[in-house]
Amino acid sequence: MLPTPSAFTASPAPRPRWRDWKVPANLVTALRILLLPPLAWAVAQGWFRLAIPLLAVAAGSDALDGWLARHRGQATALGFYLDPIADKLLAASLFLGLTLRRFMPPLLSVLVFTRDASIVMLAVMLFGKAGFGDFRPTRWGKLTTLTELLTLGLTIVNAVGNPLQPWLITRLLWLATFFMVFGSGTHYALLCSRRYWEWKAGAQPPDALEPNLPNSSASD
């Protein structure tokens, strides 16, 4: 689930409240996480006809929880953390599974893992060093996630044995995903570094510790 860009101030880490798991948008995100084990297992076992509908539901949940957060006032600090975790787990497990089944280039999977691991390490370092937590996602990052899901979906469809699209399209998507992952990862690292130094220099009020959520009394 993605809160709107204005839902959180550029401040130290917003504090999740675990009772917010009952918020419908967070339940949808949790459903996506619960789908990961059967989806990853289906890919690992080569059960691609089963993996296709599971991936479609997972991808749909990514769109639904974001819509609920933006248009139904269900943005929460818990969802702020859960959504990117769910996205990264989904991409990592499927890229790994498809690579092991020899349907995905190893170099692309390595890049995806490196990007996500680098972002997590950067977040842990900045949070551990100063309690800084302004890790709002960017539109470029969401576009990268969409590209990854499309690439994964078409690769799995090809793996069924009766591809619905020419092999050239899949390979072009591999190339597009490669550049999107590399570009968005570099951009996000530089952006988070800039946010951190601006915050450290006093650009943000030091007491702005809580997320500014719309209608928080109703949705939290």
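When the residues of the stretch 96-115 are filtered to those that are over 19 Å from Tyr81 (Cβ atoms) and within 14 Å of the chain's Cα centre (by Cα), which remaining residue is surrounded by the fewest Cβ atoms within 10 Å (Cβ to Cβ)? If we take residues in the stretch 96-115 being over 19 Å from Tyr81 (Cβ atoms) and within 14 Å of the chain's Cα centre (by Cα), then Phe113 is surrounded by the fewest Cβ atoms within 10 Å (Cβ to Cβ). The set of residues from the stretch 116-175 being surrounded by fewer than 17 Cβ atoms within 10 Å (Cβ to Cβ) and hydroxyl-bearing (Ser, Thr, Tyr) comprises Ser118, Thr138. State whether the residues of the stretch 129-142 include one that is touching a strand residue (DSSP E or B) at 6+ places or on another chain (Cβ under 9 Å) and part of a helix (DSSP H, G or I). Yes, some residue in the stretch 129-142 is touching a strand residue (DSSP E or B) at 6+ places or on another chain (Cβ under 9 Å) and part of a helix (DSSP H, G or I).
Scanning the stretch 7-21 for residues that are of a type in the set (D, E, K, R) and either under 17 Å from Ala86 (Cα atoms) or at pLDDT below 70 (or both) gives Arg15, Asp20. In the set (1) closer than 20 Å to Phe103 by Cβ; (2) in contact with a Cys (Cβ under 9 Å, 6 or more places away or on another chain), the condition left unmet by Asp134 is number (1).
Number of residues in the stretch 35-59 that are surrounded by fewer than 18 Cβ atoms within 10 Å (Cβ to Cβ) and either in contact with a Lys or Arg (Cβ under 9 Å, 6 or more places away or on another chain) or over 23 Å from Gly141 (Cβ atoms) (or both) equals 12.
The values are calculated or read from the model by the stated rules, or taken from the named source; none is laboratory data. No experiment lies behind these values; they were computed from the predicted model shown. Virtual Cβ from ideal backbone geometry, glycine too; neighbours counted across all protein chains shown.
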